[in-house]
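Asks: Quick one: structure below, then a few questions.
The values are calculated or read from the model by the stated rules, or taken from the named source; none is laboratory data. All figures in this text were calculated on a predicted structure; none of them were measured in a lab. Reconstructed Cβ throughout: ideal geometry from the backbone, glycine too, with neighbour counts over all protein chains shown.
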Ligand SMILES: Cc1ncc(C[n+]2csc(CCOP(=O)(O)OP(=O)(O)O)c2C)c(N)n1
Ligand code: SF4
Ligand SMILES: [Mg+2]
């Protein structure tokens, strides 16, 4: 796998994310595989932010460890990131803006001076153009053809054409030609390889997957890193016919979604841990009233407000235990955008089939980072059957009828002759309360027990229908990684590096973390020798779940809770230690 | 809205059924509870409007009053404490052919659910919210509620309440509700008029009902209200005048007004939500089949 990495850094408000996205998109249009990581803080201006675009001829699953080209908009960027530039690399900067450290750059890394401010001044005295020359020079060194860069830049301005676009193209061309005259293309630069790929964030994929699954209603309250799910849905609301409601809080958001679902549309909400905590009581209501609902928890580093723009997998215990009492639920945990698209389709299918809440665990790393996806990986041919399934006027209709599977026929308001009351109190098959005057009377004691068993039986069906665990790599490998969610990406990259070093490993990953697939897990782990648990939280929450459900304890653990996603090299180092 | 509910295509199937009436479950309230008068008034109102059972959804939270949906023959959603309105809004947006009536207590609506109350009103969602305001927490056996009077002794305030009560009518005026009324469960006929007109009004209708808790509120009894209430209709009140409505809303003491305080016609949330102009969401096409062009934005 040949790869080239570009990192761009500066201050919040410098437009780093949009420059970074243009570079990443240029690579994806060249048909390269891309993983791009957007690192920022919870401020709108000031503070150090950076963006890394990693392009490759094979598929990268993580931002990687280092880069080849650093475009520094300020001195802090050089101080922080120059040490992660690989030998042979280039630092692009404008000496008019700042000077390099006297200690110089790491060995093998050289500086390309680009007069970006002067290039901008040719067009305007405003500060809006000052990055264009730098982008041009960076593109040249990264092997991005100028016409392709220009297309991407023009597209990013959308319809608001005019002189600003022309200035940008002019100044970036000046930077490109400056580099062409004074520098050479990085030896790892890759040529165009076929059709452009799709570049999307996990959140775009989540929204797209939901829409493909037939979602017609999203209620949400803004919270990083889930907000861009609502942004995508809102931008497409009218063309796709999806009602998007910014609610007054997360209590309202989840209750609105449950109300909408009860009345016959596929509905969802999305949030991060803080908002998810507010949704907890309503999840139980969805479980009790047997109303499907899909809830995305895009985790960020906690506890409390935590690190709003940093990643963690710390909400697993919360998702497993959310809600008083017991009710069936499923928790899906995709690891990248393509998987997230499918996880949403699975989530809606399971919620609908089993009439219960389904949670999708994302996190900052998955939600906001970009990855390329092939068109074939996002198939829109998803069955979206009608929800009006019970024949109208069905005699003796029982909304909560006892059945073998625990799933009862679901009527939708508006259907004649099927009226029922969906009760958050315990109820009988008809939906009548057994909580007040009847509670404690022997007939109703057994009714309660039967109704609990009916609902909980749905867990068996969920377990059979949810995506099973997957073992990647040779079954006999001396080391098995155990991982879930977005962390799987860095583990895959680490495995690739270990393979290059002659070390054989495999990876057991869990697209479904609940109902826990105990049987397949036990048999997949039967041949495991050493097992290394890798997850992004302090206490090893998944490891504990695995042990509780199977009795299997991983021999080694690598846990991370500093807010940053795993770097493959950290996993490689730990693997080499234990192997 | 009544004409939409009766005539609009609400589901893909089936004929209209008989109008809403009693269900097979008898109310479980204490004998003499004010909520009997409220359910009687709702029954009169839906009969008068000839609303078919299948097109009405009655939503509630938790409390004695919130058990109401079980006692009628329509669809019902008996949710959790304080969340009546978001559930009701979700139902309206999923199928705005349905008639949605929110019900519940003063604690449910103005205490734990106060945030939703304000927002549902400013959105002017087209639903009718009937609050059974007994100035007490009934189901939890008699604690102070957000509408309990200053000085009122309850289980949680043995020496008397030391906070000012919320005035639901004033709060509704401030929040943008477009039909604001107050009834008394001792006068179900008058209450039925208020509810029927509220259902027919396009927009958010609040009908706050003095519905005495005969078991736990010894202050705000039927007699208390009978001695004090007077009807705005016979007092020359102009319900299109918001300033007059505000003045009447603040009246409390020897004379307490009931009736219609304020009414104004404004577009509803459903009118303004463009997606709903194509018909009830529940009947619209779903999914992305054939929409592959959507992927071009990711190139
Ligand atoms: C989250 C939550 N907190 C507390 C309760 C307990 N609870 C049930 S009903 C109620 C108050 C009932 O008062 P109100 O809404 O005025 O209804 P009423 O019984 O007076 O009709 C409370 C506090 C609950 N069910 N859920
Ligand atoms: S406790 Fe009060 S509110 Fe509850 S049913 Fe009895 S009288 Fe009615
Ligand atoms: Mg009350």
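Asks: Could you look through the stretch B:207-254, keep only residues that are closer than 20 Å to residue B:65 by Cβ and in contact with a helix residue (DSSP H, G or I) (Cβ under 8 Å, 6 or more places away or on another chain), and pick out the one that is surrounded by the fewest Cβ atoms within 10 Å (Cβ to Cβ)?
Replies: B:214
Asks: Would you pick out the residues in the stretch B:103-122 that are more than 19 Å from residue B:140 (Cα to Cα) and in contact with a helix residue (DSSP H, G or I) (Cβ under 6 Å, 6 or more places away or on another chain)?
Replies: Once the filter is applied, which keeps residues that are more than 19 Å from residue B:140 (Cα to Cα) and in contact with a helix residue (DSSP H, G or I) (Cβ under 6 Å, 6 or more places away or on another chain), the stretch B:103-122 yields B:116, B:117, B:118, B:120, B:121, B:122.
Asks: Cβ-Cβ below 7 Å, separation at least six or inter-chain, first residue in the stretch A:229-244 and closer than 12 Å to residue A:205 by Cα and more than 7 Å from chain B (Cβ to nearest Cβ), second at pLDDT 95 or above and assigned to a helix (DSSP H, G or I): which pairs?
Replies: A:229/A:203; A:229/A:206; A:229/A:207; A:232/A:203; A:232/A:204; A:232/A:207; A:233/A:207
Asks: If you don't mind, there's one more thing I want to ask. Please work out which residue is surrounded by the fewest Cβ atoms within 10 Å (Cβ to Cβ), limiting yourself to the stretch B:143-164 and to residues that are under 28 Å from residue B:194 (Cα atoms) and within 12 Å of ligand 3 (Cβ to nearest atom).
Replies: Checked the stretch B:143-164; the qualifying residue surrounded by the fewest Cβ atoms within 10 Å (Cβ to Cβ) is B:146.
Asks: Condition (residue is touching a helix residue (DSSP H, G or I) at 6+ places or on another chain (Cβ under 9 Å) and either without any contact (Cβ under 8 Å) to a residue 60 or more places away in the chain or facing another protein chain (nearest Cβ under 8 Å) (or both)) applied to the stretch A:364-372: is it met by at least one residue?
Replies: no
Asks: When you go through B:97, B:82, B:37, B:102 one by one, which is the residue that is more than 16 Å from residue A:420 (Cβ to Cβ), within 16 Å of ligand 3 (Cβ to nearest atom) and in a loop (DSSP other than H, G, I, E, B)?
Replies: B:82 is the lone residue from the list that is more than 16 Å from residue A:420 (Cβ to Cβ), within 16 Å of ligand 3 (Cβ to nearest atom) and in a loop (DSSP other than H, G, I, E, B).
Asks: Can you find a residue in the stretch A:331-342 that is farther than 30 Å from residue A:55 by Cα, in contact with a strand residue (DSSP E or B) (Cβ under 6 Å, 6 or more places away or on another chain) and within 11 Å of chain B (Cβ to nearest Cβ)?
Replies: Among the residues of the stretch A:331-342, not one is farther than 30 Å from residue A:55 by Cα, in contact with a strand residue (DSSP E or B) (Cβ under 6 Å, 6 or more places away or on another chain) and within 11 Å of chain B (Cβ to nearest Cβ), which makes the answer no.
Asks: Just checking, which of B:274, B:270 is without any contact (Cβ under 8 Å) to a residue 12 or more places away in the chain, within 14 Å of chain A (Cβ to nearest Cβ) and touching a helix residue (DSSP H, G or I) at 6+ places or on another chain (Cβ under 8 Å)?
Replies: Just one listed residue meets the conditions, B:274.
Asks: Residue under question is residue A:191, and the condition is that it be within 14 Å of chain B (Cβ to nearest Cβ) and either surrounded by fewer than 24 Cβ atoms within 10 Å (Cβ to Cβ) or in a helix (DSSP H, G or I) (or both); does it hold? Let's see the steps before the verdict.
Replies: Details: within 14 Å of chain B (Cβ to nearest Cβ): no; either surrounded by fewer than 24 Cβ atoms within 10 Å (Cβ to Cβ) or in a helix (DSSP H, G or I) (or both): yes.
Spelling it out, it is not the case that residue A:191 is within 14 Å of chain B (Cβ to nearest Cβ) and either surrounded by fewer than 24 Cβ atoms within 10 Å (Cβ to Cβ) or in a helix (DSSP H, G or I) (or both).
Asks: Next question. Just checking, which of A:499, A:512, A:521 is surrounded by fewer than 21 Cβ atoms within 10 Å (Cβ to Cβ) and closer than 27 Å to residue A:328 by Cα?
Replies: A:521
Asks: Quick check: anything in the stretch A:297-316 buried (at least 24 other Cβ atoms within 10 Å of the Cβ) and in a helix (DSSP H, G or I)?
Replies: Yes, the conditions are met somewhere in the stretch A:297-316.
Asks: While we're here: Out of all the residues in the stretch B:106-121, is one or more over 30 Å from residue B:163 (Cα atoms), surrounded by fewer than 24 Cβ atoms within 10 Å (Cβ to Cβ) and more than 9 Å from chain A (Cβ to nearest Cβ)? Before you say what the answer is, go through the steps one by one.
Replies: Filtering the stretch B:106-121 for residues over 30 Å from residue B:163 (Cα atoms) gives none.
No, every residue in the stretch B:106-121 fails to be over 30 Å from residue B:163 (Cα atoms), surrounded by fewer than 24 Cβ atoms within 10 Å (Cβ to Cβ) and more than 9 Å from chain A (Cβ to nearest Cβ).
Asks: Further question: Of these, A:280, A:294, which one is modelled with pLDDT of 95 or more, assigned to a strand (DSSP E or B) and in the same structural domain as residue A:232 (by TED's automatic domain parsing)? If you could, list the steps in order and put the result at the bottom.
Replies: Details: A:280 fails: assigned to a strand (DSSP E or B).
The match here is A:294.
Asks: For the stretch B:124-142, give me the residue count where each residue is over 15 Å from the mean Cα position of the chain (by Cα) and buried (at least 24 other Cβ atoms within 10 Å of the Cβ).
Replies: Selection size over the stretch B:124-142: 4.
Asks: May I ask you to verify whether residue B:197 is more than 16 Å from ligand 1 (Cβ to nearest atom), within 18 Å of the chain's Cα centre (by Cα) and over 16 Å from residue B:109 (Cβ atoms)?
Replies: Judged against the criteria, residue B:197 is a match.
Asks: Within the stretch B:272-290, which residues are closer than 18 Å to residue A:218 by Cβ and exposed (fewer than 14 other Cβ atoms within 10 Å of the Cβ)?
Replies: The answer is B:272, B:274, B:278, B:285.
Asks: List every residue pair whose Cβ atoms lie under 8 Å apart, where the two residues are 6 or more positions apart in sequence or sit on different chains, the first residue falls within the stretch B:175-201 and is on the phi > 0 side of the Ramachandran plot and touching a residue at least 12 places away in the same chain (Cβ under 8 Å), and the second residue, located anywhere, is part of a strand (DSSP E or B) and surrounded by 24 or more Cβ atoms within 10 Å (Cβ to Cβ).
Replies: Every condition considered, no pair remains.
Asks: Residues that are assigned to a helix (DSSP H, G or I) and within 24 Å of residue A:255 (Cα to Cα): does the stretch A:415-437 have at least one?
Replies: Scanning the stretch A:415-437, I find no residue that is assigned to a helix (DSSP H, G or I) and within 24 Å of residue A:255 (Cα to Cα), so the answer is no.
Asks: Please work out which residue is nearest to the chain's Cα centre (by Cα), limiting yourself to the stretch A:559-579 and to residues that are under 15 Å from residue A:314 (Cβ atoms) and part of a loop (DSSP other than H, G, I, E, B).
Replies: A:565
Asks: Restricting to the stretch B:28-43, give me the number of residues that are surrounded by 17 or more Cβ atoms within 10 Å (Cβ to Cβ) and more than 13 Å from ligand 1 (Cβ to nearest atom).
Replies: Total meeting the criteria: 4.
Asks: Sticking with this one: For the stretch B:122-139: of the residues being farther than 25 Å from residue A:435 by Cα and within 12 Å of another protein chain (Cβ to nearest Cβ), which is nearest to ligand 3 (Cβ to nearest atom)?
Replies: B:127
Asks: May I pose another question? It is to be established whether one or more residues within the stretch B:46-63 are in contact (Cβ under 8 Å) with a residue 40 or more places away in the chain, part of a helix (DSSP H, G or I) and within 16 Å of ligand 3 (Cβ to nearest atom). Give the steps one after another, and end with the answer.
Replies: Initial filter on the stretch B:46-63 (in contact (Cβ under 8 Å) with a residue 40 or more places away in the chain): B:46, B:48-52, B:54-63.
Those left that are additionally part of a helix (DSSP H, G or I): B:46, B:48, B:54-55.
Next, only the ones that are within 16 Å of ligand 3 (Cβ to nearest atom) stay: none.
No, the stretch B:46-63 contains no residue that is in contact (Cβ under 8 Å) with a residue 40 or more places away in the chain, part of a helix (DSSP H, G or I) and within 16 Å of ligand 3 (Cβ to nearest atom).
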